[in-house]
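The values are calculated or read from the model by the stated rules, or taken from the named source; none is laboratory data. It should be emphasised that the depicted structure is a prediction, and the values quoted were computed from it without experimental measurement. So basically every Cβ, Gly included, is an ideal-geometry build from the backbone, and we count neighbours across all protein chains shown. We work out accessible area using only protein heavy atoms, side chains counted, and drop any ligands, DNA or RNA first. Shrake-Rupley method; radii C 1.70, N 1.55, O 1.52, S 1.80 Å.
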2 protein chains.
Amino acid sequence: MAKVAFIGLGVMGLPMAGHLLAAGHSLRVHTRRKAKATRLLSRSGTHWADSPAEAASGAEVVFICVPDTPDVEQVIVGPNGVIETATAGTIVIDHSTISPRATRQMAEQLGKNSVYLLDAPVSGGDVGAREATLSIMCGGDRSAFDRVEPLLRHMGKEITYCGPSGTGQLTKLVNQILVSVTTLGVSEALIFARKNGLNLDTTLRAVSGGAASSWQLQRLGPKMIAADNRPGFTVDLQQKDLRLVLDASEGSSTSLPGTSLVHQLFTAAQAAGHGRDGTQALFTVLEKLASTH
Amino acid sequence: MAKVAFIGLGVMGLPMAGHLLAAGHSLRVHTRRKAKATRLLSRSGTHWADSPAEAASGAEVVFICVPDTPDVEQVIVGPNGVIETATAGTIVIDHSTISPRATRQMAEQLGKNSVYLLDAPVSGGDVGAREATLSIMCGGDRSAFDRVEPLLRHMGKEITYCGPSGTGQLTKLVNQILVSVTTLGVSEALIFARKNGLNLDTTLRAVSGGAASSWQLQRLGPKMIAADNRPGFTVDLQQKDLRLVLDASEGSSTSLPGTSLVHQLFTAAQAAGHGRDGTQALFTVLEKLASTH
């Protein structure tokens, strides 16, 4: 069994760490607010570390699952960061969705000590994390990936090696373009249906079987109809990811008119107080746009 | 067995009429170019009619499957149209995707002679027509729908009664909003992937399993990657449908920013000569937008 560190025990990290523990690995854990770790620490095989550096000390594999680029930078190269204690051959796996460029920079820094950084952002949300059905998109050194793949299989169903450092993040951003533009389509379709007097449940059933079908339609459609804005994935987090997309698209001279539009409409959603609501709140924004007459 | 007329034997109508014939119904058929009917006419039980009026004469059910609103108007209320011979109790089923407003007007006109008009646009493309797996969205009189539902089951898998006259068309337009905006998402996602150096096949596989998945991604994604613009559904037909969407959205004070954007980008596709290509040509348009530096 591998000596494993897990840093970041939020809504995603906590169940992911739980799967590693259940598989028999001993865990050294650290997270910003220790209270979040209480239940995990009550299970045998888990030990608290006061900092990322302490967690990584002696670990063969270091998992990170935190919100944003600055958080990962803090954990890896900040004071008391992983870089201070990780030794040659250690593999750091970053499950956060962050900047591909920052990823490559940190991979280079860690590489100077022969420490590997794999970018391994996930898709599938809190449900996927709890049920160990995440999609994991992995970039970085191939042999390092091969060594940790069995560990990733405890947490995810679809594990893809995408290529060199940063390509896991880029692939996740491709995923987020698809998710967000499709959400816009679902929102517009259902607002059109409502404004034209259609029965929304019937409409949803009629269009769900064919060329219009999507995961977003199946999952978010019913929530939009029920005006249930409880988050699976929040507008604020989607916006963070779309900023990464648009930043990378500028860097690669790629024009993404639809994605830009979605980003702007989510900005309207945030302005209307929907930042912590689920992305299906886009429907609410369009409903407002359509009710000013 | 019902006495059935079928008007319009294009890429959709021909296989649909064939299913009715195979089920044992006798058919009177009419289409603009008689040559298209040759093979169908060689099968026993099929008879040629020189006009829609002649086809509808004595028929219990009249099927129509033609491209656009003016075509349906021509067939139903034009000279030698269905309205001239259809008698009380006849049910006219229009499988074309056309204006909901024009549909309601024609339903009213036919209703004066106690002839029913059901709007029954389909989704699923030529493949769905050939394999009898179409989704059929039906609006109009409920009891008329109940009487012809067994006939529709010869051609489609998912048959939905949507409500009064026009609601079948409106539901189809909901379908087209979903289809077109999702196609934009797929195009932007893959162009982002290509411009950022990702392996497109790997990327497609990595994002296909979860929240980003859609019928459009599965079917059009591989075609975009292969630069295969052969049509399942053409840009020109998608544009016709999007004009119907935007017309109905104006009429109902509905703001559809994403759908409008897709319509504009498909206009660029048409301008670049992709009108008769499949909708996956949107990828080609975005590739051009991204290659001017």
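Counting just the residues of segment A:176-203 that are more than 7 Å from chain B (Cβ to nearest Cβ) and surrounded by fewer than 24 Cβ atoms within 10 Å (Cβ to Cβ), which one comes out nearest to residue B:256 (Cα to Cα)? Don't jump to the end; show me each part of the working.
The first filter runs over segment A:176-203 and keeps only residues more than 7 Å from chain B (Cβ to nearest Cβ), leaving A:176, A:180, A:183, A:187, A:190, A:194, A:197, A:200-201.
Filter again for surrounded by fewer than 24 Cβ atoms within 10 Å (Cβ to Cβ), leaving A:194, A:197, A:200-201.
Values: A:194: 13, A:197: 16, A:200: 17, A:201: 20 Å.
The qualifying residue nearest to residue B:256 (Cα to Cα) is A:194.
Which of the residues spanning segment A:96-140 are in contact with a His (Cβ under 6 Å, 6 or more places away or on another chain) and open to solvent by 10 Å² or more (accessible area, probe 1.4 Å)?
The first filter runs over segment A:96-140 and keeps only residues in contact with a His (Cβ under 6 Å, 6 or more places away or on another chain), leaving A:120, A:122, A:132.
Correct list: A:122, A:132.
Within segment A:149-175, take every residue that is assigned to a helix (DSSP H, G or I), open to solvent by less than 10 Å² (accessible area, probe 1.4 Å) and under 30 Å from residue A:40 (Cα atoms) and give me the one that is farthest from the other protein chains (Cβ to nearest Cβ).
A:152
What is the one condition in (1) open to solvent by 20 Å² or more (accessible area, probe 1.4 Å); (2) touching an Asp or Glu at 6+ places or on another chain (Cβ under 6 Å) that residue B:146 does not satisfy?
Of the numbered conditions (1) open to solvent by 20 Å² or more (accessible area, probe 1.4 Å); (2) touching an Asp or Glu at 6+ places or on another chain (Cβ under 6 Å), the odd one out for residue B:146 is (2).
Could you please give the count of residues in segment A:128-148 that are over 22 Å from residue B:200 (Cα atoms) and touching a Ser or Thr at 6+ places or on another chain (Cβ under 8 Å)?
Of the residues in that region, 1 qualify.
Within the bounds of segment A:267-280, is there any residue that is on the phi > 0 side of the Ramachandran plot and surrounded by fewer than 22 Cβ atoms within 10 Å (Cβ to Cβ)?
yes
Can you tell me how many residues in segment A:34-69 are open to solvent by 80 Å² or more (accessible area, probe 1.4 Å) and within 20 Å of the chain's Cα centre (by Cα)?
So the count comes out to 1.
Could you list, in sequence order, the residues of segment B:84-95 that are surrounded by fewer than 24 Cβ atoms within 10 Å (Cβ to Cβ), in a loop (DSSP other than H, G, I, E, B) and either touching a residue at least 40 places away in the same chain (Cβ under 8 Å) or of a type outside the set (Val, Ile, Thr) (or both)?
B:88, B:89, listed by residue number.
For segment A:185-221, enumerate the residues that are in contact (Cβ under 8 Å) with a residue 12 or more places away in the chain and either among the β-branched types (Val, Ile, Thr) or closer than 13 Å to residue A:278 by Cα (or both).
Of everything in segment A:185-221, those that are in contact (Cβ under 8 Å) with a residue 12 or more places away in the chain and either among the β-branched types (Val, Ile, Thr) or closer than 13 Å to residue A:278 by Cα (or both) turn out to be A:186, A:187, A:191, A:203, A:207, A:216, A:219, A:220, A:221.
Among the numbered criteria (1) surrounded by fewer than 17 Cβ atoms within 10 Å (Cβ to Cβ); (2) more than 8 Å from chain A (Cβ to nearest Cβ); (3) in a loop (DSSP other than H, G, I, E, B), which one does residue B:253 miss?
Going through (1) surrounded by fewer than 17 Cβ atoms within 10 Å (Cβ to Cβ); (2) more than 8 Å from chain A (Cβ to nearest Cβ); (3) in a loop (DSSP other than H, G, I, E, B) one by one, residue B:253 breaks only (2).
Among A:241, A:247, A:236, which is open to solvent by less than 10 Å² (accessible area, probe 1.4 Å), over 28 Å from residue B:135 (Cα atoms), more than 9 Å from chain B (Cβ to nearest Cβ) and not hydrophobic (A, V, I, L, M, F, W, C)?
Values: A:247 fails: open to solvent by less than 10 Å² (accessible area, probe 1.4 Å); A:236 fails: open to solvent by less than 10 Å² (accessible area, probe 1.4 Å).
Of the residues listed, the single one that is open to solvent by less than 10 Å² (accessible area, probe 1.4 Å), over 28 Å from residue B:135 (Cα atoms), more than 9 Å from chain B (Cβ to nearest Cβ) and not hydrophobic (A, V, I, L, M, F, W, C) is A:241.
Is it the case, given these coordinates, that residue A:188 is part of a helix (DSSP H, G or I), closer than 30 Å to residue A:206 by Cβ and charged (D, E, K, R)?
Numbers: part of a helix (DSSP H, G or I): yes; closer than 30 Å to residue A:206 by Cβ: yes; charged (D, E, K, R): yes.
Criteria met by residue A:188.
Which condition number does residue A:178 fail, the rest of (1) over 30 Å from residue B:156 (Cα atoms); (2) not in a loop (DSSP other than H, G, I, E, B) being met?
Residue A:178 satisfies all of (1) over 30 Å from residue B:156 (Cα atoms); (2) not in a loop (DSSP other than H, G, I, E, B) except (1).
Please go through segment A:204-233 and pick out each residue that is hydrophobic (A, V, I, L, M, F, W, C) and either open to solvent by less than 20 Å² (accessible area, probe 1.4 Å) or more than 7 Å from every other protein chain (Cβ to nearest Cβ) (or both). Let's see the steps before the verdict.
First pass over segment A:204-233, keeping only residues hydrophobic (A, V, I, L, M, F, W, C): A:204, A:206-207, A:211-212, A:215, A:217, A:220, A:224-227, A:233.
Selection gives A:204, A:206, A:207, A:211, A:212, A:217, A:220, A:224, A:225, A:226, A:227, A:233.
Taking only segment B:112-129 into account, find how many residues are of a type in the set (A, V, I, L, M, F, W, C), part of a strand (DSSP E or B) and free of Cβ contacts under 8 Å to residues at least 60 places away in the same chain. Spell out the reasoning first.
Taking segment B:112-129 as the starting set, the residues that turn out to be of a type in the set (A, V, I, L, M, F, W, C) are B:115, B:117-118, B:120, B:122, B:127, B:129.
Cutting the leftovers down to part of a strand (DSSP E or B) gives us B:117-118, B:122.
Filter once more, so that each one left must be free of Cβ contacts under 8 Å to residues at least 60 places away in the same chain: B:117-118.
Residues meeting the conditions: 2.
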